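S.K.: Take this structure, written in structure tokens, and hold onto it; I'll ask about it next.
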Amino acid sequence: MDQNLTEEEQLEALKRWWKDNGRAVIVGVLLGVAAVGGYRYWDYYTTKTATAASDIYVTLQEALTSGKKETVLGTGDRLVREYPGTAYATLAALAMARVHVDEDKLDAAAERLQWALDHAATDALAHVARTRLARVMLAQGQAEAVLKLIADLPDNGFSADYQEIRGDALLALNRPEEARDAWNVALLGMSDPRQRQYIQIKIEHLPAPAEAAPEAAPAA
């Protein structure tokens, strides 16, 4: 995020990002949960426990869609408490974090997202939790901590997303040239046209690269 934005503007930018990216990411994760790990993973999620967790999560999703925040938090807490080993609990933590962001409660959102990251059953869920946690931390002014959060991660198909976040953190630290480099790397690995356009806009709004100072003329 632009270091020149006010705290309120950064929070609004975070909310817009969450709204734009939330639904598509979760749909992809749910599809991935069914596919990852083959038969044994799918068999686990067809047990009685998983069915019960799934039913509760449906209630949570309906509440989230209709704006019933207290129901989201109540059913989400139940999933986290009673079914912590399921993907539904991780998804519930992500949903509760979204509610906290909408209420400007970034500390609570970060706590939920950290839980989701620590308990994620798949790389895809961990990626969602980590990127959202990074966005919240940026809105909190914790750019240095964000760089540590996304450092030394394996190349598991999400590198472009992390390079974009790295650029945002570097810009927040007033290191625009490094931010430019990170965003350019992100563009190399990103195929979604809308994401690419957004990153390109951020690059275009950076100050022009500093020109090297001319060498001093040799002494006579």
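S.K.: Quick one: Karplus J couplings for segment 95-107, per residue in order, coefficients 6.51, -1.76, 1.60, θ = phi - 60°, nearest Hz, x for Gly and Pro?
M.R.: Once θ is set to phi - 60°, the couplings for segment 95-107 become 5, 5, 4, 4, 4, 4, 5, 4, 8, 6, 9, 6, 4 Hz.
S.K.: Still on this structure: With the cut-off at 1.5 for a/c, could you classify segment 49-158 from its C-alpha gyration tensor as rounded, prolate or oblate?
M.R.: oblate
S.K.: Go through segment 70-87 residue by residue and turn each phi into a ³J(HN,Hα) via Karplus (6.51, -1.76, 1.60, θ = phi - 60°); whole Hz please, and just put x for glycine and proline.
M.R.: Per-residue couplings from phi come out as 5, 5, 4, 5, x, 5, x, 4, 5, 4, 5, 6, 9, 9, x, x, 9, 5 Hz.
S.K.: Oh, and also: Which entries in the list 68/148; 69/202; 68/202; 148/202 go over 25 Å, if you measure between the two C-alpha atoms of each?
M.R.: 68/148; 69/202; 68/202
S.K.: Something else about it: Collect residues whose amide H, placed 1.01 Å from N in the peptide plane, falls under 5 Å from the amide H of residue 190; neighbours closer than 5 in sequence don't count.
M.R.: Residues meeting the criterion, in which the H sits 1.01 Å from N, do not exist here.
S.K.: Where Lys and Arg each count +1 and Asp and Glu each count -1, what net charge lies around residue 143 among other residues with Cβ under 11 Å from its Cβ?
M.R.: So the environment of residue 143 carries a net charge of +1.
No value in this document is a laboratory result; all are computed from the given coordinates. What you see is a predicted model; the values in this text were computed from it and never measured. Neighbour counts run over all protein chains shown; Cβ positions are idealised from the backbone, glycine included.
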